[in-house]
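None of the figures in this text is laboratory data; all of them are computed from the coordinates on show. No experiment lies behind these values; they were computed from the predicted model shown. Cβ: placed from backbone, ideal geometry, glycine included. Neighbour counts: every protein chain shown.
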Amino acid sequence: MENMNNIGLGKVSFSQNGKINTSGAVPYVNAQMLVPYGMAVAVPVGENTFMFPVGNTALCMGVVQKPFSIPLQNGEVMLYSSGGANIILKNDGRVLINGREV
């Protein structure tokens, strides 16, 4: 691949409709997010991303995870928003939404 040396971190400078612009060593415009089927994300401006060049643009492979204050056990999953809402899938089968079991 001709752009393999451009793999690396970027900082989101714009985000809309599943596409982002990043600043960094190699800035990208209209880069697409790589997410699991059925999910959609709107990455907040300022988040650090891992970019993988493809042709004349790039794919955002993910966002660098920030430390979080809610304790998770190995194997548990948490979805969260920038506003603080969260859903936790516990190892014992429980589901917590904003700390409440459903």
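So here's what we get for this one:
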item	result
Unmet requirement for GLY83, which otherwise passes all of (1) outside any strand (DSSP E or B); (2) surrounded by 13 or more Cβ atoms within 10 Å (Cβ to Cβ); (3) within 17 Å of the chain's Cα centre (by Cα)	(2)
For LYS90: the one exception among (1) within 22 Å of LEU9 (Cα to Cα); (2) surrounded by 13 or more Cβ atoms within 10 Å (Cβ to Cβ)	(1)
Unmet criterion (only one of (1) among the hydrophobic types (A, V, I, L, M, F, W, C); (2) under 30 Å from TYR28 (Cβ atoms); (3) surrounded by 10 or more Cβ atoms within 10 Å (Cβ to Cβ)) for ALA40	(3)
Residue count, the stretch 67-80 (criterion: exposed (fewer than 10 other Cβ atoms within 10 Å of the Cβ) and closer than 15 Å to MET39 by Cβ)	0
Strands (runs of 3 or more DSSP E) wholly inside the stretch 22-65 that include at least 3 residues being over 24 Å from SER81 (Cα atoms)	48-54
Residues of the stretch 77-94 satisfying the condition of being farther than 30 Å from ALA25 by Cβ and out of contact with any strand residue (DSSP E or B) (no Cβ under 6 Å at 6 or more places or on another chain)	GLY83, GLY84, ALA85, LYS90, ASN91, ASP92, GLY93
